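Only one structure is covered here, and it is reproduced in the block below.
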Amino acid sequence: MVNYVLKFALLTMAIIFSAAGVAQEAEVIASVDKNPIIQSEPFTLTVTINDDVSESVWDAEQQLKDFRILNVRSSRRTSVINGVTTRTTSFIVNLQAPATPGIVRIPPIQIGAAKSNAIELTILDAATSVDELEQRPAFIRTSLESKRVYVQQQFKLVSRLYLSANLHSGNLIAPNLAEAEVVQFGKDEESYEIINGKRYQVFQRTYLITPQRSGDLTLEGPVFEGQITRDTNRSVFSAIATTQPVSAVAVPTSITVLPRPADWQGHWLPSELVSVSVERANPEQPVEVGQPITLTYRVTAIGVNTEQLPALSFENIENASVYPESPEFASTTRNGRVIAQRAQTVAVIPRQAGAFEIPAVQVEWFNTRLGQAQIAASEPITLEISPSSQPATPNPATAEPKATEPAQASSAEQPEPAASAAEPALYYYLAIIFALLWLLTLIIWAWWWLRRPSATKKAVGHSEQDGSSASWRHVQKVALTNDATATDLALRQWARETYQLPMQDLFELAHYFSHQPLTSQIEHLQRCRFSSSGASWLEGKALIRALKAAQKHRKVDRQKIPQLSPLYPN
């Protein structure tokens, strides 16, 4: 009996050691889903090892540094056949083929001590491989509005995704251009097209691209990754739909971005068409001195963003007070073009009667079609200003005495001119008395003010950090809700009331304080408001902290200013 137990134990140990020896012989296999490959086309590399390993044992970035890696994922599989357990780990890598046709080599993939086989890929020229491209289950064609544009000039790219089967799921990645703003324009369009007798499902998407730097650049096309549905008949009684992963990429395109002209001065506004118009409220109503003239100016431009529209200047209106309101921006589309508009209402109050002219408001812009500078201007407005109809208060000191009665007046009425002449003298003495009383009041007020220098300084210093003002409380309220638009408007209103800043631009507040944390927060707020990616603004608390710190920093700096030495020292 002992011999049987000993033999069984030895046999069991032999099997265990044998299995361990087999497990140590790792094997790595590499394969691709297609070969040859069209230039810049995505393909899938699958690396499989007959062991259960973690993702950290293989660095795809290091071993495939000559290829552009789109994404990496892994999967594990365990199977038991006749009591034998087999474990495998697969790494699925989506790569993009090089942009240059020719032969490229994927080097052996090393995982631990094991290496895979090397793979040679044939890269075909996309321009001469249209037939090969159309044999793919998915491919992309693109068309550019123009391959020669100016910096900050907006142009369109139309992308058309062709699928030979129904789309199950997928993601279309936007095109990429170095230092450029890329946003989707409009909604996707779906249609069907037959190419060489083959039916394709077509998805069309349009992008607006605004380059931010000049030079000869490469526009990388959109990339598609997804799954299509294919029907597989497994029996005569049922048909089960299966999915197949597919990927496609558009061929890169070379474009030339021209810089702004060397002699250009001022705001850069590249557009196809710019116009400036003005409307007057109640144009038929006569205008008197001191009455406001309400004007609304509109700057309209095609093919630009609203933030590219320039600020308007009203400084050249003479003999009048000008009060511009905050501008309003709007954007719309018409006939496939983006139209941006800036509307600003201005109140103009004339100060003298007579002929009054409001000159034209001009905007200099660059015509991208003609390649030259042009000026868009509103119509000048000429008005006749009437004197104010409000009754003027007579000045007693300069009032004219009543005319004397004719010589036929009776002798009893002759003393009246003497009494009338005495009235101006009485008013004159009263005016002197009131002037002396007013001067005495000023002297007493000045003496009281000089007696309280500390209280005055405290009040002045507190005005910049008045936490009890309604505008400051409103700033805190909307900032804590992380409402970027409401915070922008509230900051402008608070800065106007507290520091008398014009606040045509929120950066005026940053320049006023010259405090880097506050400047950084304002820049982040503006980026979130106008970014094409629609980034959320979540820095309301940080903005309030930076604003309080900037106020404190400014107060400390003002206290550090040395006092001037006496002009005539003793």
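The values are calculated or read from the model by the stated rules, or taken from the named source; none is laboratory data. All of these numbers come straight from a predicted model, not from anything done at the bench. Here the Cβ is made from the backbone with ideal geometry for all residues, glycine too, and neighbour counts use every protein chain on show.
A few remarks follow.
- Filtered residues of the range 87-127 (kept if buried (at least 17 other Cβ atoms within 10 Å of the Cβ) and aliphatic (A, V, I, L, M)): Val93, Leu95, Ala97, Ile106, Ile109, Ile111, Leu121, Ile123, Leu124, Ala126
- Whichever residue in the range 7-31 is modelled with pLDDT of 80 or more and surrounded by fewer than 16 Cβ atoms within 10 Å (Cβ to Cβ) and, among such residues, is farthest from Ala248 (Cα to Cα): Glu27
- Pairs, first over 16 Å from Ile544 (Cβ atoms) in the range 512-525, second surrounded by fewer than 21 Cβ atoms within 10 Å (Cβ to Cβ), C-beta under 7 Å, six or more apart: Tyr512/Tyr499; Tyr512/Leu501
- Those strands (runs of 3 or more DSSP E) lying entirely in the range 283-363 with at least 1 residues surrounded by fewer than 16 Cβ atoms within 10 Å (Cβ to Cβ) and modelled with pLDDT under 90: 320-324, 328-334, 337-350
- Considering residues of the range 157-182 that are at pLDDT 90 or above and over 28 Å from the mean Cα position of the chain (by Cα) only, the residue nearest to Thr253 (Cα to Cα): Leu161
- For the range 268-277, the criterion of a residue being in contact (Cβ under 8 Å) with a residue 40 or more places away in the chain, buried (at least 17 other Cβ atoms within 10 Å of the Cβ), over 16 Å from Gln152 (Cα atoms) and hydroxyl-bearing (Ser, Thr, Tyr) is satisfied by no position.
- Glu315 satisfies every condition listed in (1) under 29 Å from Ser386 (Cβ atoms); (2) touching a residue at least 24 places away in the same chain (Cβ under 8 Å); (3) under 32 Å from the mean Cα position of the chain (by Cα) except (2).
- Among the residues of the range 161-176, just one is of a type in the set (Gly, Ala, Ser), in a strand (DSSP E or B) and crowded, with 18+ Cβ neighbours inside 10 Å, namely Gly170.
Each row is one residue, and each column tells you yes or no for (1) among the acidic types (Asp, Glu); (2) in the same structural domain as Val304 (by TED's automatic domain parsing); (3) assigned to a strand (DSSP E or B).
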residue: Glu189; (1), (2), (3): yes, no, yes
residue: Tyr200; (1), (2), (3): no, no, yes
residue: Phe203; (1), (2), (3): no, no, yes
residue: Thr218; (1), (2), (3): no, no, yes
residue: Ser247; (1), (2), (3): no, no, yes
residue: Asp263; (1), (2), (3): yes, no, no
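- Test: residue in the range 481-491 that is at pLDDT below 85, out of contact with any Pro (no Cβ under 6 Å at 6 or more places or on another chain) and surrounded by 15 or more Cβ atoms within 10 Å (Cβ to Cβ): no
- Considering the range 492-513, the residues that are in a loop (DSSP other than H, G, I, E, B) and polar (S, T, N, Q) include one that is surrounded by the fewest Cβ atoms within 10 Å (Cβ to Cβ), namely Gln500.
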